[in-house]
Structure formats: structure tokens, C-alpha cells
Amino acid sequence: MHNSYGMKGNERRKSKCSANKHVNLLNMAENTQRNPLEEKLQGALKTWQNQDHTAACAQLETLNKEFPHQPEILHLLGVFHYSLNQAEQAEPLLEEACMLCPDYDDFYFNWGNACLALQKWEKALHAFRKAGSLNPDLHEAGIKQAQILEELKIWPMAEILWRDLLQKFPQAPDLILSLARNLVAQDQLQEARNYYLQLLQQTEIPSSVLFEIGQFCISIRDYENAFHCLNQAPGVFPETAQYYHQFSSVLFQLKQFPQALSMGQKALELEPQAAESWWNQAQILLELKDNKKALFALKKALDLAPEFSELLIPLAQEHLDRFNDDQATLLLELNAETISANTHLSAEAKAFAHYGAGLATQRGNAPEKAIGHFQRAQKTHPQNLLYPLAETLCLPVVYADTQSLSDWRQRIETELPKCLNRLLENAGLYQLPQPLQQIPLLFHLAYQGYDDRQIHTLVGDFWQNRFEQDGLLLQAKLSEKPHFPLRIGFVSSFFFAHAVSHIYAPLIQFCAQDPELEIFCFSLSPQADSMTELLRAKVQQFVSLAGQDHLSQAQRIAEANLDILVYTDIGMESSSYLLGLQRLAPVQCVLGGHPVTTGLPQMDWAMSTHSSEPENAQHYYRERLFLRSSQAPQNYKPPELSLPLPTKQELGFSEKNHLYLCPMTLYKVHPEFDLALTEILEQDPLAELYFFKYHENNLHQHLLKRFEKSLGQKALQRVHFLPWLSRSEFTQVLAASEVCLDPFHFSAGNTTYLCMHTGTPLITWPSGLRRGRIAAAILERAGLQECIVPNKADFGKQAVDIACSNEKRYALKTKMQTVLSSNTNSNESFLELVQFFKNTSKHIL
């Protein structure tokens, strides 16, 4: 048994019920004296062995009439009929033989086989149990019992039998395979995996078994072992389309995209009408950024299997989550095209497809194209309120130049009031889809550098009125007096390793240590990591609201019966904005995660600092401003630096050139900043400008196109875009840079602290609004005025002056690291905020 691989796939073992095996059963040795019955039985057997099966059966039928109820005749006749695939005639004969002669294990075993062939499960189970009890060494009876129990879906009892057999034959591959299959059926996948992998340790594994193990490993996403199974020596597997398709899928999951593409092509050569193979090829081509071929493959897949269209939006969302905006846009536009051509789909479904395509296209910096999708959505389903709003609020991500920025600003200032008035005056004509999940936002408005209070207030009032009309405002019962300890809730979509949490997690932890405060965290995002777990461990309650609609989220927060609700940011995603429309606590505040007024009527306070705001700061906020005095980097936790730090050469940069790093996301690079970049390149012949690509999308291509005009074609040779890096890798590049450049109108916060940590001078010009003054406020507080440029026109000159002076950079590095070390554990700013919370709570009525 231990060398057997008799079972293949789900096939069962062939019956041991054989006419030839019963020659010795009747003790018919050649030299023994036989009685007439024995001689006639021997004659029938010889006739059978001479392949005259009909005559042999006729001889036994005659004997059965001459000697009725003789178990030997009944048994042998049953065996003959069974061997001729006549189980219906065999079964009653074998049953009668067992009843007449109940002590023969072979009689019961062969009766069980006949019952098995007729799917008489209960009879077969009884027969095999009896055979096994009569002969404990007849292990085949145990195998048959286990197989029958599995036919009856009695998996646990079958499992017991397989385990008993394996104790006797621990290396029997058939038994290991059977137990693995049994465990899969019971969804005990981890233990099944262990047995499948045990089989992989054996030699001469049949191709069908290897393929089965590979399939199983794919199902549990164990792609390394799936690859091991499928990547066997040539000739082990037949060259089928299924094999190449599965191998391609495994290689795709292992991110071996060129090899996956090659295997997928072989699958299509063997089976060109396989829709799933075309779909897989399309996914591989999207990863390889070959959008033209990917589109062709997608269309082939949809032609062959139209139901695959249901996968377009999930696949697009996956690419959006990874910032593959071009690929997501292709998928969403194809989805819109496919849905538009489908006469069976509703107008709502078709319009929503164009809406999704428009959002992706806008994010990919094609606003005109996005507006076209939004207009088609309106035409198809004019009742949906979101579509005209999306058209009106549509903005570029990266502007072509200052004139383009001005034109888009003028458009929104002119068209937004008209749009909102139309939607309010004709409220009955426009529907707000429920559940409301994603709404058009003005996230990119903040990077234009203008005062946005009026625009945000218009939009905030519109949503407040609409929520009131539709009955979407909760009537939460608020505390009439403050609790003790004071109940404070923090809300964010960024309670993970994100710049927002790097800045505000220390504040939340500090508050959680105060015995007079009870701290809640409400997480709106499913994303979680060590930062999430740190907060979960520190605060009194950590509540995940991810995946819930906005009303359910609001209800859960209201049930916490808070005294003060604090948003880390509002305006970067829909969930926090929709919650900000509700009154969920007596006092509601917003921190500076997105340092722009929310424009929301239910937001009481915006938290800022004196040093980061202009003199007339309140003018730019709808909320009341609380200005604390400190901007020092309290309790900031920078990433650990592995010393010695790699040199520029080790990081792939030239040692002789000066590295000017602008590490902000590309939509923060204002067109006005281009002039400063031009001056740097002109004044420092060793200057090389470095930016970071924004994840996997192509925003850098749009910026390069702008630089070609503003900096000049020749200058582009000195402009580089690095891949998106981990935080530790980014810190190494930052440390190797001569200077870091803070772009105009939207300043660095988290990056400013990182620069101080690495000792890299950050050059900044404080513009007129808080979002353009944050770095200057931090540096001024640290006594690093040398890095602050009072006049925008001098930015390039000051950056070059520091970059070209080792002495100045060393002095600044020493100063920065000293300041950071002395202020890291300062709680001055946190104490101000905590005292503000306690004082404000006294005014709860």
C-alpha cells in the first residue's frame, strides 16, 4: 500500500471482486480428491479462465438449480456477474451467500463491492464493516467504508477512518491524499495543506496529483507552493490550455508578469476562445502598463463572456487603491462603454458607470474628459444630484501653467453658485442616492493658493440644507453637562502610518494619559497597521466604522455620548465630510490634517497656531479659531536611521552634483514654483532636481510637460522623478540631499520634522494662508530663520546659497538636530489643547 498511487482524481479503486481470485477459496488444489460439486465448480472456473464467460455463467446457473442454497455456488456466480458489470444480478446472490456463510470476509467484501456499484450505500457500508471485523488485515475494507461515508457527506467519520489507516501506513500516498481531500471538504484548509505538502516530499508524484495540489495551493493563495507544483520538469504535465492558464495565474500572483504573459499566450494558442485566459492576459498587461494590448484583451474577454463586465469596477477600484489611475480610467471607461451598449440595464446603472469613469479620469488629470463623462451621466439620468455637482467641482490635479489655474478658478467661482442655486430651487427634481458613500469634493482646491472660505461655505450650506430636506440629519441627544472624565472622540480615515497620524497620534496618546479624559477613536478606514494597533492599545475605546454608511457611522458616534468630537481632518475624503454635517457632540472641532476651513455650519472650532496664521486669520475660517502658541515638534516619533547612512553614490546619485529634493506630492507643486526651480538650475550648474512619482500613476508626466515649457527642454535633463518609497527609504534619500525644497502655497508639515531629524535644510517661503506657512512656523519656533525666505523672488538664490556651502549646511544640521532633541518630549502644545478642551466643555449647556 505504501507505494500505491491507485486513486487518481476522484476515481475510486477498482473492485477486488474477481473471479480468478476465488480458485483457492474453495480449496480446489489440483491434487486433492474432489467431490462432484467441486469438480463441476472447477470446470466452470476453467471455462471462465478460457474467456467463455457466457458458458461459465450457464454452468453455474445449472449447478445453482442442482444444488440450491450452496454459498460457494452463489458467491462464485455473483462474482461472475459482477465481473461482467452485471451488479444487479450479482448483488442478491452475494448477499444470500453472506447470509448462508457469515464467516467469510471475502464474501462480505465482494457483496460490498456489488452494493457500491449500485449505490446502495447503507448495505455497502454494512458489508465492508463486517468484512473488516472478520479480517482486521483487510485494510481495503476500511478504505471502502471511508469512501462511502464521504459519498454520504459524513466527513468527520470518514476522517477518523483515514487517520486510523494512516497510523498503520504513515507513508501511503493514497491515504495522505484521501485525508487531505477530506479535510478540504470540511474546510480545514491549513491541516489539509500540511498533508498536501507532505505528498510533495515524495518522489514520482503523478501529474494529476501535482496539478491537484497546485490547484489547492492556488485556492488558499499559497502561490509559492503552487508554483513548485506547476513548475515541474517538462513532460510531467500534458500541454493543455488549463495547465498553462493556471501556471499563468500563479506567476501573476507572484508578480512575475513577463513569464505570466508568456504562459497565458500558450494557453490562448491552445484554446483561443477561452474568455478567462483573455481576462487574465488583460490583468497582466495592465500591470505591465501596456494599456493598448490590455484593452484589446479585455474586449475579447467581454465578447466571449459578457458576464465578466461585472468584474470591471472591482478591478478598477483595485487599481485606484494603488494609484494606477491610467489603468483604472481605462477600466471605468470600458465599463461605461459596455453598460451604455447594454439595452437591458437601467439608466441609473449606465449613468453611474460614466460617473465612476469621470472620477477616475479627473484623478488622472484629464478634467475636460472627466466633465464629458459627468455630462453624459446627467443626460442619461438627470435626476441624480451628484452628477451636476461633480461637473461643477471638477478641477485638474496638476495645472499646465498659472493662466490655466486662473481660468479653472474663475470657472468654479462663476459656475458653482449657479449650480447650487439650481439644485436648491428645483430640489424636487434631483435625488440624493442612498446609501450616500462618495460625493464630489473640493480637495484639490486647496492647492491653488487662494482664499477658499466663500466656496467651502457655499458648498457646506448646500449640503446642510439638502440633508435637512431629506431628513438625513440625526436628532442626537447631546449631553446637557460635561461628563467626568470628559468624553472626547477623535475621528479619522487615517489612523494608520499616514502623515495625519504621524502628527496627531502623539496628541491622542497624550490625551489618553490624562485621568480627567476618556478618549475614543473612530476609524473610518479599513486600513490598519502598527500605528493602528498602537492607538488601539493607548485609548479607552477604539471603534472601527469602516464599511458602514454615513448614517450608521453617525449613529454609532452619537451613541458614545461625547462631550467633544475632534476631526483630525475634513475635506480629503467623503466619510469625514458627511459626518461633519451632523451635530454629534456639544462641541465639534477640526485639527489641521487638511489645513483649510471646512465651511460646515456644524463645525464649531478650527485648531491652529499663532505662528502659522496671518494677522487676519479668522477671516479665512467659517469656524472659530483656537490659536495655540506652540508649533514645536512635540513627541514627534521619527523613523529610526540605520547608521552609517548610505552615501549619495550608494543610493544611485552622483557625488559631485547637488541634490535639490522636492518630496511633496506632485499636485502641491504650484505653477508659481517653476520660476524658483528655473533660478536654481541657472544659478547652480551642479543642481539636479528630484521629485517623487505619485505611487504608480502618471502625474509626473503632466508635470514634465509643464516643465518643458517653464524650465525649458534642456533643463529637463536635470529633472528626475524617483519611485514612491517607504518611509525609511525616503528618509535615507532626504538625508543625502543638500537641501529640501518646500513648494509655494501648500507647505510641508510632517516632512519639516523629518528634515530636522535628518539635518537636511528645508527652504520655505511663507505665503499668505496657513497652509503655505506651516513649515515656516515650525522652523521659526526652532530658531532656524536661515531656512525661511521672506521674499518669494529670493527663494532660488537662498536655496543655492545653502546647497553650495558645506559650512552652512553643517551648521544648520547641528542646530536642527539640537532643537529637535530638546523639543521632542515637550508637551507644551498638547497641554494647551487639553486645557482648551477642558475649558470649552464648561460651556456645554
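The values are calculated or read from the model by the stated rules, or taken from the named source; none is laboratory data. Here the structure is a predicted model, which means the values were calculated and not measured. Every residue, glycine as well, gets a Cβ built from its backbone with ideal geometry; the counts of neighbours run over all protein chains shown. Note: areas computed on protein heavy atoms with side chains; ligands, DNA, RNA excluded. Shrake-Rupley method; radii C 1.70, N 1.55, O 1.52, S 1.80 Å.
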I'm a student and want to see the number: the projected area of the Cα convex hull of the range 612-748, averaged over all directions, in nm². 11.2 nm²
Extension gain (nm, one decimal) between Trp724 and Asn465, 0.36 nm per residue minus Cα-Cα: 89.1 nm
With each pseudo-label sitting 7 Å past Cα toward Cβ, what's the Leu118-His695 distance in nm, one decimal? 6.5 nm
Packing-wise, with mean Cβ within 10 Å as the measure, how do 563-569, 721-727, 334-340, 763-769 rank, highest first? 563-569, 763-769, 334-340, 721-727
How charged is the neighbourhood of Lys808? Take every other residue with its Cβ under 12 Å from the Cβ of Lys808, and add Lys/Arg as +1 and Asp/Glu as -1. -1
Arranged from highest to lowest average of other beta-carbon atoms within 10 Å per residue, in what order do the peptides 537-544, 640-647, 202-209, 508-515 appear? 508-515, 537-544, 202-209, 640-647
If each Cα of the range 474-628 is one equal point scatterer, what is log10 of I(q)/I(0) from the Debye formula at q = 0.09, 0.13, 0.14, 0.20 Å⁻¹? -0.26, -0.56, -0.66, -1.37
Nearest 0.05, what FRET efficiency do Arg624 and Leu645 give at R0 = 41 Å with Cβ-Cβ as r? 0.35
Treating the Cα atoms of the range 305-468 as identical point scatterers in vacuum, please give the log10 of the normalised Debye intensity I(q)/I(0) at q = 0.14, 0.18 Å⁻¹, two decimals. -0.75, -1.18
How much FRET efficiency would the formula 1/(1 + (r/R0)^6) give for Gln232 and Lys255, where r is the Cβ-Cβ distance and R0 is 30 Å, rounded to 0.05? 0.90
Carbon plus sulfur, as percent of the 1.4 Å-probe accessible area of the chain, comes to 49 percent
Can you tally the net charge around Thr47? Count Lys and Arg as +1, Asp and Glu as -1, for every other residue whose Cβ sits under 14 Å from the Cβ of Thr47. -1
Mean residue ellipticity at 222 nm from the helices of the chain, using -39,500 (n - 2.57) per DSSP H segment of n ≥ 4 over the full residue count, to the nearest 500 deg cm²/dmol? -16500 deg cm²/dmol
Could you work out the Rg to Rh ratio of the range 70-209, with Rh taken as the Kirkwood radius (inverse of the mean 1/r over all Cα pairs)? 1.05
What is the extension gain from Gln437 to Ser208, computed as 0.36 nm multiplied by their sequence separation minus the C-alpha to C-alpha distance, in nm to one decimal? 77.7 nm
Here the equivalent ellipsoid of the range 202-351, derived from its Cα gyration tensor, has semi-axes (largest first, whole Å) of 32, 16, 13
How would you classify the range 95-167 from its alpha-carbon gyration tensor, with a ≥ b ≥ c the square roots of the eigenvalues: rounded for a/c under 1.5, else prolate if a/b is greater than b/c, otherwise oblate? oblate
Taking r as the C-beta separation of Gln835 and Leu473 and R0 as 35 Å, the FRET efficiency to the nearest 0.05 is 0.65
Spatial separation of Cα centroids for the range 107-152 and the range 301-350, in angstrom: 54 Å
I'd like to compare 275-286, 53-64, 382-393, 653-664: which one has the highest average count of other Cβ atoms within 10 Å, and what's the full order after that? 275-286, 382-393, 653-664, 53-64
Plugging the Kirkwood radius over Cα pairs into Stokes-Einstein for the chain, at a temperature of 20 °C and a viscosity of 1.002 mPa s, what D comes out in µm²/s? 65 µm²/s
Spin-label pair Lys369/Gln49, simplified geometry with 7 Å Cα→Cβ offset, distance in nm: 8.3 nm
Total charge of the residues flanking Gln464 in space, meaning their Cβ is under 13 Å from its Cβ, with Lys and Arg +1 and Asp and Glu -1, is 0
Solvent-accessible area per residue for the range 217-333 (1.4 angstrom probe, square angstrom): 50 Å²
Specify which residue in the list Pro440, Phe462, Gln86 is farthest towards the positive end of the charge dipole of the chain, using unit charges on the beta carbon of Lys, Arg (+1) and Asp, Glu (-1), about the Cα centre. Phe462
Taking only Cα atoms of the range 648-824, what ratio of Rg to Rh do you get with Rh as the Kirkwood inverse-distance radius? 0.93
Whole-number D in µm²/s for the range 584-625 (Stokes-Einstein; Kirkwood sum over Cα pairs; 25 °C, 0.890 mPa s): 230 µm²/s
Residues in the range 769-807, backbone N under 13 Å from the label point at Glu682 (7 Å along the Cα-to-beta-carbon vector): list them, ranges by number please. 793-797
Along the three principal axes, how long is the range 576-672 when you take its alpha carbons, biggest first, rounded to the nearest angstrom? 57, 34, 30
Estimated translational D of the range 209-290 in µm²/s (Stokes, Kirkwood radius over Cα pairs; 10 °C; 1.306 mPa s): 127 µm²/s
Which number do you get for Rg(Cα) / (2.2 N^0.38 Å) in the range 173-231? 0.99
At 7 Å along the Cα-to-beta-carbon direction for both Phe169 and Ala427, put a label point, then send me their distance in nm to one decimal. 7.8 nm
Over all Cα pairs of the range 665-744, the Kirkwood radius sets Rh, and Rg/Rh then becomes 0.94
